[in-house]
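Each remark here refers to the structure printed beneath this line.
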Amino acid sequence: MCSGLFSQLLFCINRCGLFDAYIATCILILKPKQIEKSFVIFGVVNALFGILQEIVYLISNKILIGSQGGQDVWYLFGVRLLRVEGLVGDSNVFALYLIIPLILIFYDYLLKPNLRTLTLVIVMFTSLVLTFSRGGLLGAIIGIILVCLYRRSIRAMIWFVILTACSAAVFIVRIGSRSDTTRMFLLSYAINIWKDNPFWGVGPGKFGSLWGNTTAHNLILESLSETGIFATLLIIFMLAIGFIMLHKKKKLAMSMALKGFYISSLFLSVLTNTLFWTAMGIMFVSAPLPKLLLKDDKIKL
């Protein structure tokens, strides 16, 4: 009873966007180190709760907390596992929330290996695997590849092989699943909607109302279908500029984490997700300003 009330309380706190509001405050007062710590703490709490969800399900066949309506389960290595949702209420979005802290912790582990960071890497990645989110795993692996290429050590290569193998197992399990057929149909449906409404789309958030209260699972196609070509080009432009700025960014850990996050977001529906826009703010605020805007160390207005 108490655990159920506690989990519901945590779930409500998360859905109210208090974490995103705190990160936005850190951006406004330019506290980049605090941003990284906040991502790590929030990610670890979410990851631990995701693992707790799995343990409760394996022991009692009950879902501790969730909003996806039903027991979404998959078999991995012969074990029937629940797709965990953490405190977010959706497995794919939950995976998105784990990417940035996972890469930050992994970078820290390769920089200063110790039992604490090793444990956190294992906890974070285990929870990410239990989401069975292919988009989330893809973004995480790309971020990990960037970290490994930068560190270039035997330890980095060993971990890259282990984490990639675990991710590949999830992809293999989900090959040919019903969700693949559904997603291909949704992508085709999004394209058809855009063809009928090329300039302005059908309106933000309207895709789900047109087809079974679901999403297109693709940032670009969902943006095209809901907001049209002009708004989508603006989003692409913002992402492109952000990636250019990240390339010049001195804080390599956050840069790699954000790259993995945004690559993953391309395969999910995140237009109305607060973390997507919060991360955009981090990308623009903490990266160096383009040289074109600088003159005599002052911003040219």
Show me the ranking of peptides 43-53, 156-166 by mean Cβ neighbours inside 10 Å, starting with the highest. 43-53, 156-166
Highest average packing first - 116-127, 134-145, 193-204, Cβ atoms within 10 Å: 134-145, 116-127, 193-204
What FRET efficiency, computed as 1/(1 + (r/R0)^6) with R0 = 45 Å and r the Cβ-Cβ distance, is obtained for CYS166 and ILE236, rounded to the nearest 0.05? 0.90
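Between ASN114 and LEU252, 0.36 nm times their residue separation minus their Cα-Cα distance comes to what?
Numbers: separation 138, 0.36 × 138 = 49.68 nm, distance 2.03 nm.
Length difference between fully extended and current span is 47.7 nm.
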Cross-link table LYS62/LYS206; LYS112/LYS259; LYS37/LYS259, entries beyond 24 Å C-alpha to C-alpha: LYS62/LYS206
Expressed in nm to one decimal, what extension gain is obtained for the pair TRP200 and ILE244 from 0.36 nm per residue of sequence separation less their Cα-Cα distance? 13.1 nm
Can you list residues whose amide H is under 5 Å from LEU81's amide H, if they're 5+ apart or on another chain and H is modeled 1.01 Å from N? TRP74, TYR75, LEU76
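Want the number for LYS62 to VAL45: 0.36 nm per residue separation, take away the alpha-carbon distance, what's left? Show your work: numbers first, answer last.
Details: separation 17, 0.36 × 17 = 6.12 nm, distance 2.06 nm.
Result: 4.1 nm gained on full extension.
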Can you pull the one-decimal nm distance between simple spin-label points at ILE220 and MET184, each 7 Å off the Cα toward Cβ? 1.9
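Only the coordinates and a few stated rules stand behind these numbers; no lab work does. Bear in mind the structure is a predicted one, so any value in this text is a computation, not a measurement. Glycine also receives a Cβ, built like all others from the backbone with ideal geometry; neighbour counts cover every protein chain displayed.
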